[in-house]
Amino acid sequence: MSKDLITVAMPKGRIFEEAVELLKKADYPLPPEFEESRKLIIEVPEAGMRFILAKPMDVPTYVEHGVADVGVAGKDVMIEEKRDIYEVLDLKISACYMAVASLPSYNPKSEVAPKIASKYPNLTSEYFRQQGEQVEIIKLNGSIELAPIIGLADRIVDIVSTGQTLRENGLVELETMMPITSRFIVNPVSYRTKSAQIDDMVDRLAEVIAKGENNQ
Ligand SMILES: Nc1ncnc2c1ncn2[C@@H]1O[C@H](COP(=O)(O)OP(=O)(O)OP(=O)(O)O)[C@@H](O)[C@H]1O
Ligand SMILES: O=P(O)(O)OC[C@H]1O[C@H](OP(=O)(O)OP(=O)(O)O)[C@H](O)[C@@H]1O
């Protein structure tokens, strides 16, 4: 593997397509293989880049350890993971928000230490600590909306985009916590040793964002 390439950690899944669109608009020549293949490492020497395709929650881990120089990660993941990395640009893609929700019948004052189900235990614990509320956190890996319906938790902390999942499961939003978009993140050592290439990448992406060209 060539050492001169910038290694970019890309999140598979929801963010991937919008991140690829953004890179294309920034004039990075990405081969069709990029969107079609199941390969996890794709080298694009003509763009000066090597892409690694990771689970969204793992992207900051690759960047912190320096096996990726830069990456794309949701703000939700950044807050949850608290990695030692730089967040240099709001890419303004994959917008959604984090919210607290429950069954409509739930009375927030009815429990001493309510159970909160979430895929984001650190973010949830920090949020309720700031609110001065003592809670018990139940970590789940998905289908979070199931927890209050089945009686596992009193409330949930989860991502809302269209609101369809909450609606279809009869849940209501109690509080909006924070807006979420994807961020361009950088390994601190790479930022020093590969500053020219990384600055160029940041400039090109920032230009597309400033023109509003990334709005889907
Ligand atoms: N409606 C949404 N639900 C979840 N994540 C969203 C949504 N809209 C945008 N996002 C962003 O996408 C990221 C999650 O992407 P995705 O759902 O592909 O990964 P995942 O949570 O690892 O999913 P899975 O575990 O189902 O593979 C989040 O970190 C968030 O920043
Ligand atoms: O407001 P909406 O547009 O309905 O989107 C929000 C839903 O999407 C995500 O779930 P995902 O589809 O990733 O499923 P999972 O977390 O259960 O794996 C999120 O955890 C919510 O459940």
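The values are calculated or read from the model by the stated rules, or taken from the named source; none is laboratory data. From a predicted model like this one, the values you see are computed outputs, not experimental measurements. Virtual Cβ from ideal backbone geometry, glycine too; neighbours counted across all protein chains shown. Heavy atoms of the whole protein, side chains included, go into the accessibility calculation; ligands, DNA and RNA do not. Shrake-Rupley method; radii C 1.70, N 1.55, O 1.52, S 1.80 Å.
Table: residues versus (1) under 26 Å from Arg167 (Cα atoms); (2) hydrophobic (A, V, I, L, M, F, W, C); (3) touching a residue at least 60 places away in the same chain (Cβ under 8 Å); (4) not assigned by TED's automatic domain parsing to the domain that holds Asp200.
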site: Pro11; (1), (2), (3), (4): no, no, yes, no
site: Leu30; (1), (2), (3), (4): no, yes, no, no
site: Glu35; (1), (2), (3), (4): no, no, no, no
site: Ile41; (1), (2), (3), (4): no, yes, no, no
site: Pro60; (1), (2), (3), (4): no, no, yes, no
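Considering Ile150, Ile180, Ile198, which residue is closer than 14 Å to Tyr97 by Cβ and of a type outside the set (S, T, N, Q)?
On the way: Ile150 fails: closer than 14 Å to Tyr97 by Cβ; Ile198 fails: closer than 14 Å to Tyr97 by Cβ.
None of the other options fit; the residue is Ile180.
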Checklist line | Search result, residues across the stretch 58-94 that are within 16 Å of ligand 2 (Cβ to nearest atom) and basic (Lys, Arg) | finding: Lys75
Notebook entry, point to check: Considering the stretch 31-57 alone, what residues qualify as being farther than 16 Å from Leu91 by Cβ and either part of a loop (DSSP other than H, G, I, E, B) or aromatic (Phe, Trp, Tyr) (or both)?
Noted result: Pro31, Pro32, Phe34, Ser37, Arg38, Lys39, Leu40, Gly48, Lys55
Check: Can you name the condition, by its number, that Gly13 falls short on among (1) over 14 Å from the mean Cα position of the chain (by Cα); (2) within 16 Å of ligand 2 (Cβ to nearest atom)?
Finding: (1)
Notebook entry, point to check: Which residue pairs have Cβ atoms closer than 8 Å, lie 6 or more positions apart in sequence or on different chains, and pair a first residue in the stretch 127-143 that is of a type in the set (S, T, N, Q) with a second residue that is within 16 Å of ligand 2 (Cβ to nearest atom)?
Noted result: Asn141/Lys119
Next item on the list: Tell me which residues, restricted to the stretch 176-202, are under 20 Å from Gly74 (Cα atoms) and either acidic (Asp, Glu) or part of a strand (DSSP E or B) (or both).
Entry: Thr176, Met177, Met178, Pro179, Ile180, Ser182, Arg183, Phe184, Ile185, Val186
Checklist line | Elements of type strands (runs of 3 or more DSSP E) in the stretch 71-161, at least 2 residues being surrounded by fewer than 22 Cβ atoms within 10 Å (Cβ to Cβ) | finding: 86-90, 96-102, 136-139, 155-160
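If a residue must be within 16 Å of ligand 1 (Cβ to nearest atom) and either among the polar types (S, T, N, Q) or open to solvent by less than 20 Å² (accessible area, probe 1.4 Å) (or both), how many such residues does the stretch 1-50 contain? Even if it seems obvious, please write down each step before you answer.
Here is the first cut: in the stretch 1-50, the residues within 16 Å of ligand 1 (Cβ to nearest atom) are 9-22, 35, 38, 40.
Those left that are additionally either among the polar types (S, T, N, Q) or open to solvent by less than 20 Å² (accessible area, probe 1.4 Å) (or both): 9-11, 19-20, 22.
So the answer is 6.
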Next item on the list: Go through (1) more than 13 Å from ligand 1 (Cβ to nearest atom); (2) open to solvent by 30 Å² or more (accessible area, probe 1.4 Å) and name the single condition Ser190 misses.
Entry: (2)
